[in-house]
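Comments concern the structure below.
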């Protein structure tokens with residue numbers, strides 16, 4: 001079964017509310033969530049759907065760079081390739097896009113990898129967990145994201161999450177210019193949700209000195225894990241934080257390939273990893289990273305990039321298959337107001353159920369794509 005055609009549709013999903021990280025506003029009712037919908041068609045007529053989800057405040061990959069990379073380089077290189085040979089597809093993409101410090105253009109690659117997996121599952125008539133031969137869970141618990149610009153918003157936002165059935169919370173910290181804001185934020189959320197899993201994500205916003213001052217305070221408050229406190233290349237700083245042994249330190253933006261992970265483990269720089277298929281080039285490399293973390297007895301957390309339908313379903317599938325034990329910070333349903341799926345992941349309260357359909361188990365309604373199109377990019 002060979003790839004006959006790859007189409008890419010740039011779209012933008014409206015936000016329900018503002019979403020802020022330490023680098024600024026990621027999305028709002030005015031600024032949508034860009035996404036590249038990938039439609040992979042095989043010579044037998046089977047269609048696989050994928051999605052790339054760039055966020056320019058989080059990664060160097062933008063919606064424009066992902067679109068041109070997929071259309072100009074990756075898609076032409078994959079026409080005629082055997083879609084069942086996922087390793088071979090990645091080898092072809094490796095030849096087209098050179099690495100930098102680590103893998104080049106992983107978000108662009110992820111959309112194609114996800115589409116290939118969807119096509120494979122559909123060709124075999126099985127969901128992805130059956131194709132992988134691993135099914136440890138049928139559902140995932142989700143966490144509610146607290147990302148605010150004012151402390152006055154915290155109680156209302158936590159109460160909203162609790163009213164929808166959420167019991168666990170992840171908070172956006174990393175405000176180097178005002179660390180006391182982050183301390184009060186975490187203390188408030190812990191007071192309002194005393195029994196939930198509390199996960200603080202700094203998105204690389206702290207200096208080493210600030211992070212070293214804060215980790216014990218966060219631990220005393222009851223923060224369970226601190227994600228990406230430092231910039232990705234501050235490896236010696238991560239080693240210093242680990243030596244303090246105040247609370248688990250995980251990375252996100254700073255890790256893409258298995259080689260990156262092995263090096264960090266050798267250095268003693270991390271307690272674990274916050275995973276994202278979108279960040280690491282798709283489901284095939286994501287599974288390898290999870291296996292390394294689990295074999296090392298380290299912390300495996302699952303998160304996302306405010307993923308719409310397709311990317312959300314891919315994340316749920318891989319995390320559940322590998323038995324994620326902690327609440328997943330997949331906040332697409334919390335922040336996005338539109339969908340391109342006529343059937344997707346079912347969510348009850350804070351529980352996301354893995355679809356049973358073949359491939360991703362998501363039915364894409366193609367008529368909805370033009371409604372969300374970004375015409376300037378050819379959508």
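The table for this structure:
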{"quantity": "Failed item in (1) without any contact (Cβ under 8 Å) to a residue 40 or more places away in the chain; (2) surrounded by fewer than 23 Cβ atoms within 10 Å (Cβ to Cβ); (3) outside the structural domain of residue 169 (by TED's automatic domain parsing), with residue 152 passing the rest", "calculated": "(3)"}
{"quantity": "Pairs with Cβ under 8 Å, 6+ apart, first in the range 182-200 and assigned by TED's automatic domain parsing to the domain that holds residue 252 and under 13 Å from residue 227 (Cα atoms), second modelled with pLDDT of 95 or more and in a helix (DSSP H, G or I)", "calculated": "198/186; 198/189; 198/190; 200/182; 200/186; 200/218"}
{"quantity": "Every residue from the range 81-109 that is exposed (fewer than 11 other Cβ atoms within 10 Å of the Cβ) and modelled with pLDDT of 95 or more", "calculated": "87, 95"}
{"quantity": "Enumeration of residues in the range 342-375 that are out of contact with any helix residue (DSSP H, G or I) (no Cβ under 9 Å at 6 or more places or on another chain) and part of a loop (DSSP other than H, G, I, E, B)", "calculated": "349, 356, 365, 369"}
{"quantity": "Qualifying residue in the range 165-175 (condition: more than 25 Å from the chain's Cα centre (by Cα) and at pLDDT 95 or above)", "calculated": "no"}
{"quantity": "Filter result (assigned to a helix (DSSP H, G or I), surrounded by fewer than 22 Cβ atoms within 10 Å (Cβ to Cβ) and under 26 Å from the mean Cα position of the chain (by Cα)) within the range 189-209", "calculated": "190, 208"}
{"quantity": "Residue among 143, 139 that alone is surrounded by 24 or more Cβ atoms within 10 Å (Cβ to Cβ) and either more than 20 Å from residue 348 (Cα to Cα) or touching a residue at least 60 places away in the same chain (Cβ under 8 Å) (or both)", "calculated": "143"}
{"quantity": "Matching helices (runs of 4 or more DSSP H) fully within the range 37-119 where at least 2 residues are within 18 Å of residue 278 (Cα to Cα) and touching a residue at least 60 places away in the same chain (Cβ under 8 Å)", "calculated": "63-69, 86-96"}
{"quantity": "Matching residues in the range 210-244 - criterion: being surrounded by 16 or more Cβ atoms within 10 Å (Cβ to Cβ) and assigned to a loop (DSSP other than H, G, I, E, B)", "calculated": "222, 223, 224, 228, 229, 230, 231, 232, 234"}
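The values are calculated or read from the model by the stated rules, or taken from the named source; none is laboratory data. Worth saying up front: this structure is predicted, and the values here are computed from it rather than measured. Using ideal geometry, Cβ is built from the backbone for each residue, glycine included, and neighbour counts are taken over all protein chains shown.
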